[in-house]
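The values are calculated or read from the model by the stated rules, or taken from the named source; none is laboratory data. In this text, all values refer to a predicted model and were calculated from it rather than measured experimentally. Don't worry about glycine lacking a Cβ; one is built from the backbone with ideal geometry, like all the others, and counts go over all protein chains shown. Accessible surface is based on the protein model in full, side chains and every heavy atom, while ligands, DNA and RNA are left aside. Shrake-Rupley method; radii C 1.70, N 1.55, O 1.52, S 1.80 Å.
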Amino acid sequence: MLKLNLNKLLVIAGATVLVLIVVFIIWWNKEIIINNGMGIINKNETLKSSITGLDCPGADVRSITVMLASDPEARPLSGISQADMVFEMPVDPTGITRFMAVFQCEKPKEIGSVRSARNDFIPLAAGLDTIFAHWGGELGVLEKLDARIIDNVDAMKYEGTVFYRKAGVGPPHDGFTNLDLLTKKAQDLKYDFKNSFPGYPHQEKEPKKNLSNLIDQISVNYPGRHAVNWTYDSGTNLYSRYRNSSAEIDKDNGQTVKAGVVIVMNTTSKFLKEQYISVEVLGEGVAQIYQNGSVVNGKWEKDAAELDSKLYFYDDSGKEIKFAPGKIWVEIVTQ
């Protein structure tokens, strides 16, 4: 009898161990994580971008931001439609603009043309906790970047390895790179790849339309060939971008640039000298937020005392605006 009971106990113990092994295997396959060299992601978890609110496999990985030309000679740009967030800002007294494109969720095969850093983009990049890529810089900004005011990768140091000149494209618009090259260099420089940007709140569903603020055309009065228009498509709930009446096309994929949210951020600027102005991106000002085919009149705010403070957008009641899920374009206009 004792022997039978012992055999029975062994069978039960073996079965229990087998069940535990099966459970462990199931749990392991479900929860296993992958190190992609930039951060840790759960292979079965659907991550959302803290910028766009869309599905994003690299949402826990720090973004990389690239300065891009806006000049007509540089169009069409490569990679511009694949950025999660883009800032456009005038950079000289004639109204010529420049882009700062933020990449996290998509990987363009090529990004360019890459241009120099401008001082007024630095607080915007710092507020996103992004790695800042640029081709040189102006009026003392290089001293700040060399002193590591923010993590950055400068083409003037890494031309020929991380950045390259493209044949058949006229200078200074012939500078290009890609995210693999930038990521490898950022790893070599020991930059942290954990995403610490707190993000923007997003709508869980599209709100009901308010007939009083419906609008399907946005005009941004940059001068001459830099003039920008956005057209809303209710079928996709997206805005398509046009410059000088022509669709903004991404040379990488041939697609028109689209955004879920377009923000017109109003501020001031002052003349510095020759080809340079200073644009105020710290403090607060009026903003118009276009999403879901309507406009919200609100304000922007960024703490002048903290370089890495987030850029906030509030409605007229002082509540932070929830964005429609989608890519965000911020058009900065000055007086």
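Observations, loosely collected:
- Cβ pairs under 7 Å, 6+ apart, first in the stretch 69-94 and at positive phi, second assigned to a loop (DSSP other than H, G, I, E, B): 79/108; 79/110; 79/250; 79/252
- The number of residues in the stretch 221-251 that are of a type in the set (Val, Ile, Thr) and open to solvent by less than 10 Å² (accessible area, probe 1.4 Å) comes to 1.
- Which listed residue is without any contact (Cβ under 8 Å) to a residue 24 or more places away in the chain and either open to solvent by less than 30 Å² (accessible area, probe 1.4 Å) or small (Gly, Ala, Ser) (or both), from 254, 260: 254
- Members of the stretch 106-165 found to be in a loop (DSSP other than H, G, I, E, B) and among the polar types (S, T, N, Q), listed by number: 113, 116, 130, 161
- Residue selected from the stretch 183-203 under the condition part of a helix (DSSP H, G or I) and charged (D, E, K, R), by the criterion surrounded by the most Cβ atoms within 10 Å (Cβ to Cβ): 185
- Strands (runs of 3 or more DSSP E) wholly inside the stretch 258-335 that include at least 2 residues being under 18 Å from residue 51 (Cβ atoms): 261-267, 283-291, 294-302, 312-314, 328-334
- Residue match in the stretch 204-220 (condition: part of a loop (DSSP other than H, G, I, E, B) and open to solvent by less than 50 Å² (accessible area, probe 1.4 Å)): no
- Residue in the stretch 46-64 that is open to solvent by 10 Å² or more (accessible area, probe 1.4 Å), over 27 Å from residue 306 (Cβ atoms), assigned to a helix (DSSP H, G or I) and at pLDDT 95 or above present: no
- Applying the set (1) over 30 Å from residue 271 (Cα atoms); (2) in contact with a His (Cβ under 6 Å, 6 or more places away or on another chain) to residue 74 leaves exactly one unmet item: (1).
- For first residues located in the stretch 223-241 and within 16 Å of residue 323 (Cα to Cα), partners that are among the hydrophobic types (A, V, I, L, M, F, W, C) and lie 6+ apart or on another chain with Cβ distances below 6 Å form the pairs 239/230; 239/259; 239/262.
- Qualifying positions in the stretch 130-154 - more than 27 Å from residue 60 (Cα to Cα), open to solvent by less than 10 Å² (accessible area, probe 1.4 Å) and hydrophobic (A, V, I, L, M, F, W, C): 141
- Selection status of residue 148, on the phi > 0 side of the Ramachandran plot and among the basic types (Lys, Arg): yes
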